[in-house]
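Shown next, in structure tokens, is the structure this report addresses.
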Amino acid sequence: QRVDMILHLGDYAYDLFSENGYRGRLFMNEIANSSSYVPYMVNVGNHEDGFNFAFYNEFFRNMPAPIDAPVVNTGYGNTPNNWYYSWNVGLVHFVTLSSEIYYFYPNLIADQWNWFKSDLQAANNNRTAAPWIIVNAHRGLYCSCDSDCDSDAQKMRAGILQNGKYVYGLEQLLYQYGVDLWLNGHEHNYERMYDIEPNEIFTYLSGKTTKTTVNPPGTVYIVTGDGGNYEDHEVFTRPQPTRTAFRTDAYGYSRMAVYNATHLHWEQVICDLSQPTPVVKKVVDSFWLVQFNHGPFGVTPSPNKAPTAVPTAKLSSNPTLSPTKSVPPTRSPSGPTMAPVKSSKPTKAPTAAPTKSSSPSSRSPSLKPTTSTPSTSPTTTSSARPSISLLPAAIFNYSQSHTFTGKQSYLYFPSLSQPLTNYFTLSLWVTPTVSPASVTLMTLGRSASNFDQEFLLETNSRKNLVFWDYSSAAGYGFSTSVSSTTAVPIGVRTHVAFVRNNLVGYFYINGVLSGQITTTTSVSYKKTDLYIGVNYRDGTSYYSGAMDHISIFPSALSASDITKLYSSLK
């Protein structure tokens, strides 16, 4: 995989100043193969405290220090303040803070806090261009391993006590300005938490969570400090809190890909030879962070509000982040050059998103290579259209229009919010432009590694709808007798639907019943690997044309419901 930026969360070389800096120089030389080609961004950790952080300041002098930040006095005199700064990379505004100011340089707490507030204000005004805000520091605001999670975390979270009042706390700003993700190291383990909303309880169990990764109402916190060190693993000595989604003390590293303005994917990879059975390159934690409402938390978004920003370029086959000019290509005193990689025109479309609703329908959709870039803005039904509020809730919605090129062009959604039973409805609008032997409209559970609990919805060579499924044995099969009686016209926007009502299936074209099929086989469907516009496993039957308002309902809609659905969107 191509890497476009490396973010190292403090405590380098163990330690940079050891042996009068010799160990630090070895470290800088060892990372040169990466840092001379890829921006290597850093924050200052407690293990950099030797000589008042002098070696950190000099080794990483090329970090983009704020112009108006006060100089810092290290063991070798005054140097530019590279302890806190910010930069943009593609759709992300990154902020690096110094947690160590709270413990070693209390005179700089107010300066950093005021700068951070101003930076977040500016970043919120720029969320059309950079909708994601990700903040990092060495120490964290939340954790659950040991006493590090008590007074130290509280000091950063709530601030310091002045005149009987806590001031300069970081959590207040994270919540007020809608920071999407907080990253830190320090704890020699990995712990991913859900969204956390401040509740002013000064214990390690502080914070309230909704345990969601779709439109979370608070900042998501991740501790990723298990890269390995001579202090060995840091075990968890406390029970796992409700707010924690996953934690491990195995050595590893994290990978992040920002797909578009609304979807971010995160993985934790274990590389631990010290385990009883050595583990290398195993993904042990993976999730999608989906946010349609970038901005301050605690503010109710308008029900008709589209996502804050839509990406203007498509991503490459390995989604990357393109560094901006704020990462200077200068050489550090030790040799490695922090050179931004060149921005290239990506070839992969950004992640698509389900429509915004109170119960999100899909956690982690993504778009596969295509020659067009769809808007990621969920569409809303015009008030002039008939209401469909009486219909059952869908578990999947993709309301915007997307154009498929007929070759290596499809939509992919890794998972529905729940599996389907033998009662469900598939609904979509299609405008096909060409008619090969057969084209695939939708498949579920059909991947390169899965051959069971699957279905396909296609049109055959006669342009009739066909439904096929399989679970240990075929349910509905392919034949002319199990297809719709009406063909789907070329070049005309047409509503098509398939309803499975236990052992009977119904085809609908433009709200009108167009044949039914029966089976004797019940099928237990998977909820994973939803593909639109391709028979992905076989690499065939690419759809060519447009689709819009693709929905999956976890119930068998009635004929009148299908008519309402058709009438509301025609």
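Observations, loosely collected:
- Formal net charge of residues neighbouring Gly298 (Cβ-Cβ distance under 13 Å; K, R +1; D, E -1): -2
- For the residues Tyr103, Tyr543, a 1.4 Å probe over the protein chains yields an accessible-area ranking, largest first, of Tyr103, Tyr543.
- Taking every protein chain into account, the 1.4 Å probe leaves Thr237 with about 100 Å² of accessible area, to the nearest ten.
- For the pair the stretch 69-108 / the stretch 163-210, the C-alpha centres are spaced 20 Å from each other.
- Annotation for Ala110 and Asn78: the two label points, set 7 Å from Cα along the Cα-Cβ direction, are 1.9 nm apart.
- For the stretch 217-301, the calculated P(r), taken from all Cα-Cα distances in 10 Å bins from zero up to the bin holding the longest distance, is 14, 38, 31, 14, 3 percent.
- In the distance distribution for the stretch 76-156, Cα-Cα pairs more than 23 Å apart total 31 percent.
- The stretch 481-570: C-alpha gyration tensor shape, a/c 1.5 cut-off, then a/b vs b/c: rounded
- Solvent-accessible surface (1.4 angstrom probe) belonging to Asp4, in square angstrom, nearest 10: 10 Å²
- Ignoring aspartates and glutamates fewer than eight residues from Lys281 along the same chain, the ones with Cα atoms less than 12 angstrom from its Cα are Glu267, Asp272.
- In Å², nearest 10: area of Met193 left accessible to a 1.4 Å probe: 0 Å²
- If you plug the beta carbon distance of Asp150 and Ser522 into 1/(1 + (r/R0)^6) with R0 = 60 Å, you get a FRET efficiency near 0.65.
- Fully extended contour minus Cα-Cα distance, from Phe246 to Ser34, at 0.36 nm per residue: 73.4 nm
- Calculated P(r) of the stretch 155-221 - Cα pairs past 15 Å, %: 56 percent
- Between amide H atoms placed 1.01 Å from N, distances below 5 Å from Thr210 occur with Asp195, all of them 5 or more places distant or on a separate chain.
- Calculated FRET value between Ser401 and Val512, using beta carbons and R₀ = 22 Å, to 0.05: 0.45
The values are calculated or read from the model by the stated rules, or taken from the named source; none is laboratory data. Please read all numbers here as calculations on a predicted model, not as lab measurements. Because the Cβ atoms are built from the backbone with ideal geometry, glycine has one as well, and the counts that use them run over all protein chains shown. Quick note on the areas: whole protein, heavy atoms, side chains included, nothing else; ligands and nucleic acids left out. Shrake-Rupley method; radii C 1.70, N 1.55, O 1.52, S 1.80 Å.
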